[in-house]
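Structure, as structure tokens:
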Amino acid sequence: MSEIKAKLRSEIERLLKDRFVDVFIAFKKADAPLRPQPAFFRNTNELDDLEYNGLCQNNLANYLTRYPKDTKIGIVVRGCESRSVNALVVEKQHPRENLYMIGIPCQGIVDIRKIFNRVGEEVANYSEFQDEVSVVFKGEQIKFPRKEVLHDSCLRCVHPNPINPDILLGDPVPEGDPSIVRQSVESFQALDKEKRYALFRQEAERCIRCYACREACPMCYCTECFVDHATPRWTETSISPAGTQAWHLIRAFHMAGRCTSCGACERACPMDIKLTYLTDKLNEDMLATYQFEAGMDDTTQPPFASFNLDDKNRFVV
Amino acid sequence: MIYILEKKKLDQTLQDWSSKYEVIAPQFVDGVLQFHPVHPNSELALNESINTRYPPKSLFLPQSEVMLRYNPKSNQLEDVKVLPEERIILGIRPCDAYAVTLLDTVFITEENSDPYWLARRSSTIIVGLGCNNPHSTCFCTTVGNGPFNHEGMDALMTEMDDVYFIEPFSDKGDALFSGLPIASEEEQLKVKRHQTQVTESMTIAFETENLKQTLDNLFDTDFWGKISESCLGCGVCTFLCPTCFCFDIVDEVQRNERVRNWDTCMFRIYSQEASGHNPRPTRAERTRQRLMHKYSYLPDQIGKIGCTGCGRCVRYCPVGLDIRAMLRAASDFESEVIHAG
Amino acid sequence: MPDNGHNPYEPTPMHIIRAYFESNDNSLKTFELTFDDHKDCEAFFNKYNPGQFCQLSIFGKGEAPFGIASAAWEGDFVRFTVQKLGSFTKHIHTFKAGDPIGMRGPLGNGFPLKDWKGKNLVIIGGGCAFSTLYALTKHVHHPENRLDFDQLVVIYGARTSGLCMYKHDIQSWYQREDIEIHQAIDVPEEGWSHHVGYVPDVVKEVAPSPMNAVAVVCGPPIMTKYTLPTLVDLGFAPEDIFISLEKRMKCGIGKCGRCNIGSKYICKDGPVFSLAELQALPADI
């Protein structure tokens, strides 16, 4: 991975030196243990802090909507991230010509909580090499296969290779098997209604309405979210089953045709709430009904955000 | 005076208590470490090296709390009396217990004391547990606290070998343990040595002597924009924080209740005014408010830093922002930009 | 631990006895409220001091803060003038005499009248923020209170003559000898014989003397922004200039954390601050 990081660094240097971009969004070294952070590089002398490894757990496309549309933004993207960028371009959140995507085929994001659960809370010195990762715990180095500590969304990933980047660093990796996520959705569907509701209720019960899921999601960029609207108030802001369940369900529906299954929402949640089972289901529905996957290019309109006269449902007219 | 409770006798002690009190202690609930009522089958998680995810301030200031009920037709009030059970909170860490005393200065005042907070406070006995293995994200000693501080506790437990050594700090705390064997002088020294050793093993994360002045000097600079660039503007840091207390009051019309909910200065709408004006329009101002509330304004108001170093904001920030690094950056920024320039 | 048994979040039950529009566009409506329980009335006036505010409460709609626009001697009622701006104020505008409503107050510090004894008062208000200054003027008008103060100058600007509040009463002030009243509107109108211009310019024109005087300013942020330097130029010291501030509020009693400027809460340590106090606080407004 450090080879990729070196390549990434020199590419970012070139872009900044030539003023090809105003800002480059990538990751920098951790302050909190094992937590590399999103970073916004503007000068080449800042690049000593550059970081790139499996612990880089945020979807960087999230930051695109913060900049005026004439800002020239460079961004490093993995598979799902590149799709989020494309989806944002389709929704006119930033013009493609003002974006420079450096694509890196993804080996999957490491779920740091899986490492904590497996080894212990006080781990340090993460490193990775090929398909293994290692940490130091109580002075001892412990290695394990990367696959065993990948985030759940990455285990179901279909498109790890960046789509339409301006430049690709590293060799493409095999695409994922779409039947994995389909099976995971189908096995949830196969449960009876009461069981499904019980699982949903149990997950929603822990929610503390911090909206980390919303803020970590690149597609949640509304200047006023429906939960913040006061006249009328659509949902309760209190911690109650009704309010919280409404929050989870409605946000999932707002993601239909837009979500790229990156899992940033689950990784952001401080209470370890499962969320992707809802959006995965909606994504499968979009695939089956409209043969549509978000972000596979930067021009095709999502079915629910566009209208054609030969659309299946003309009730909108 | 230090009592000795053998670990294997803890279950019996809890059983004895449960006839008079509800006992609340850390347990894994759906895989997440939280404070939860203790039942006969409960498996306590007292000796974890990490604190609970959700802070125990929720036991005194619930995230959603019904303050008043009203009859919408007659517009009459039906007051809500808070009559919580007599309860014991067991296994609270020094950072969280100290945080409760900081919140006392907000809610218990000469005029307008908060009756809901008061009722819960006065019916609770707090038995704390010292931290044998402070985590690398803990920084209690940096902010004037420590892994075996007892402020806010009726009794403090220190776990060593197969026993808990218990120091009572109030009559209520003493009454809970007074039947137990008493530690010898030698044992007491051993406990104190252990506590001191652990406390001294913690490193200081940032200097606090000039911190307030530094932050005040930085108020009008672009420091805040720089350090908050990756901030998502969610509520994780403030909701998991044991000293944050800001709340919103809303009328929930479907249940005819006036409810108090935790709120956060990190949300844009927090300070949004009806006229459209927002005194804190960007993340920079909101981050400034959060840091200065804890490290400048609360020191002005109560003479103490409003942070107890529990580390939750460091561990659970979705983008890995570390408040310790932000405060170190403040001192660096001040010397580089203000003094040098 | 203190426990005086009083729940500060519980609204006092009140009823509206009078409700009438102040402005010709019906955007401003005045309500006068009486107490359902006389004990509450006594408790209120024991604490009341002009410059304070109350949280008006409507179950199912919430609460909002409004400056008290009446003086204690006017009677056992409390007056508020409400501008129709958001969902709460829109709702309260539909209220009429006889309707029940809740009130929490009086809240805040109010004007430091004891410190102003023997001084000249220069009262400067703009738009609908004039309500508490009206309360102050009415308080001073009472013969007993009048003796506490020397000269009284009132400068009150509204955008148009139709938007001017308390018109009828203010008309009578021109006939009094114990007050110098200056009204202003932004642009000339037919039939308007008083000042034309923005309040800061009118203040320059009137040029009140800072000798043994305090100035108290209440108005929209843009008016305050230019009036304060004008007063400083006229020679008023920051300790003698007072402003009433506003911010989004919820609890009104210094507990919910929302309305702070630095280490001060507008609801508890304010809303009245001297310019000197404000200058020591960060610019968080």
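Here is how the numbers come out for the structure above:
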read-out: Pairs where the first residue, in region C:231-257, is part of a helix (DSSP H, G or I) and the second is β-branched (Val, Ile, Thr), C-beta under 6 Å, 6+ apart; value: C:231/C:241; C:240/C:214
read-out: Subset tally (residues that are in contact with a helix residue (DSSP H, G or I) (Cβ under 7 Å, 6 or more places away or on another chain) and either part of a loop (DSSP other than H, G, I, E, B) or away from chain C (no Cβ under 13 Å) (or both)) for region B:222-245; value: 16
read-out: Pair list, Cβ < 8 Å and 6+ apart or interchain, from region A:54-68 residues that are in the same structural domain as residue A:89 (by TED's automatic domain parsing) and under 17 Å from residue A:100 (Cβ atoms) to residues that are part of a helix (DSSP H, G or I) and of a type in the set (D, E, K, R); value: A:60/A:81; A:61/A:81
read-out: Complete set of residues in region A:38-65 that are within 9 Å of another protein chain (Cβ to nearest Cβ) and over 14 Å from the mean Cα position of the chain (by Cα); value: A:39, A:40
read-out: Enumeration of residues in region C:87-108 that are within 9 Å of another protein chain (Cβ to nearest Cβ) and either free of Cβ contacts under 8 Å to residues at least 12 places away in the same chain or under 19 Å from residue C:166 (Cβ atoms) (or both); value: C:89, C:90
read-out: Residue A:264 being at pLDDT below 95, in the same structural domain as residue A:236 (by TED's automatic domain parsing) and on the phi < 0 side of the Ramachandran plot; value: no
read-out: Enumerated helices (runs of 4 or more DSSP H) restricted to region C:78-181, each holding at least 1 residues that are touching a Ser or Thr at 6+ places or on another chain (Cβ under 7 Å); value: C:87-92, C:131-141
read-out: Odd one out for residue B:61 among (1) over 21 Å from residue B:243 (Cα atoms); (2) in contact (Cβ under 8 Å) with a residue 24 or more places away in the chain; value: (1)
read-out: Selection from region A:180-219 of residues that are farther than 27 Å from residue B:34 by Cβ and surrounded by 12 or more Cβ atoms within 10 Å (Cβ to Cβ); value: A:180, A:181, A:182, A:183, A:184, A:185, A:186, A:218, A:219
read-out: Region B:169-193, subset closer than 24 Å to residue B:97 by Cα and acidic (Asp, Glu), residue surrounded by the fewest Cβ atoms within 10 Å (Cβ to Cβ); value: B:171
read-out: From the options C:66, C:35, C:21, residue that is under 30 Å from residue C:115 (Cα atoms) and either touching a residue at least 60 places away in the same chain (Cβ under 8 Å) or not assigned by TED's automatic domain parsing to the domain that holds residue C:138 (or both); value: C:66
read-out: Any chance residue B:259 is touching a residue at least 40 places away in the same chain (Cβ under 8 Å), touching a Pro at 6+ places or on another chain (Cβ under 6 Å), at the interface with another protein chain (Cβ under 7 Å from one of its Cβ atoms) and hydrophobic (A, V, I, L, M, F, W, C); value: no
read-out: Any chance residue A:122 is surrounded by 15 or more Cβ atoms within 10 Å (Cβ to Cβ), among the acidic types (Asp, Glu) and at negative phi; value: yes
read-out: First in region B:103-119 and at the interface with another protein chain (Cβ under 7 Å from one of its Cβ atoms), second anywhere and part of a helix (DSSP H, G or I) and surrounded by 16 or more Cβ atoms within 10 Å (Cβ to Cβ), Cβ under 6 Å, 6 or more apart; value: B:107/B:117; B:114/B:107
read-out: Subset of region A:111-132 [farther than 19 Å from residue A:170 by Cα and in a strand (DSSP E or B)]; value: A:123, A:124, A:125, A:126
read-out: Residue list for region B:265-285, restricted to those being in a helix (DSSP H, G or I) and more than 11 Å from every other protein chain (Cβ to nearest Cβ); value: B:284
read-out: Region B:60-83, subset more than 9 Å from chain C (Cβ to nearest Cβ) and surrounded by 20 or more Cβ atoms within 10 Å (Cβ to Cβ), residue farthest from residue B:135 (Cα to Cα); value: B:65
read-out: Some residue of region C:140-150 being in contact (Cβ under 8 Å) with a residue 24 or more places away in the chain and in contact with a Cys (Cβ under 9 Å, 6 or more places away or on another chain); value: no
read-out: Output for region A:186-223, where each listed residue is within 12 Å of chain B (Cβ to nearest Cβ), more than 25 Å from residue B:53 (Cβ to Cβ) and part of a helix (DSSP H, G or I); value: none
read-out: Condition met for residue C:214 (closer than 30 Å to residue B:111 by Cβ, surrounded by 15 or more Cβ atoms within 10 Å (Cβ to Cβ) and away from chain B (no Cβ under 14 Å)); value: yes
read-out: Given (1) closer than 25 Å to residue C:144 by Cα; (2) buried (at least 20 other Cβ atoms within 10 Å of the Cβ), index of the condition residue C:56 fails; value: (1)
read-out: Filter pass, residue B:323 being away from chain A (no Cβ under 14 Å) and either of a type in the set (A, V, I, L, M) or surrounded by fewer than 19 Cβ atoms within 10 Å (Cβ to Cβ) (or both); value: no
read-out: Flag if residue A:205 is more than 21 Å from the chain's Cα centre (by Cα) and within 19 Å of residue B:235 (Cα to Cα); value: yes
read-out: Selection from region B:128-153 of residues that are touching a Lys or Arg at 6+ places or on another chain (Cβ under 8 Å), within 13 Å of residue B:92 (Cβ to Cβ) and within 14 Å of another protein chain (Cβ to nearest Cβ); value: B:131
read-out: The listed residue being assigned by TED's automatic domain parsing to the domain that holds residue A:60, part of a helix (DSSP H, G or I), out of contact with any His (no Cβ under 9 Å at 6 or more places or on another chain) and at negative phi, out of A:244, A:231; value: A:244
read-out: Where a residue in region A:1-13 is at pLDDT 95 or above and its partner, wherever it lies, is of a type in the set (Gly, Ala, Ser), with Cβ under 8 Å and at least six apart; value: A:7/A:170; A:8/A:26; A:12/A:26; A:12/A:74
read-out: Pair list, Cβ < 6 Å and 6+ apart or interchain, from region A:174-199 residues that are not assigned by TED's automatic domain parsing to the domain that holds residue A:273 to residues that are surrounded by 11 or more Cβ atoms within 10 Å (Cβ to Cβ) and not in a helix (DSSP H, G or I); value: none
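The values are calculated or read from the model by the stated rules, or taken from the named source; none is laboratory data. Since we're looking at a predicted model, the values are computed, not measured. Cβ atoms come from the backbone with ideal geometry, glycine included; neighbour counts cover every protein chain shown.
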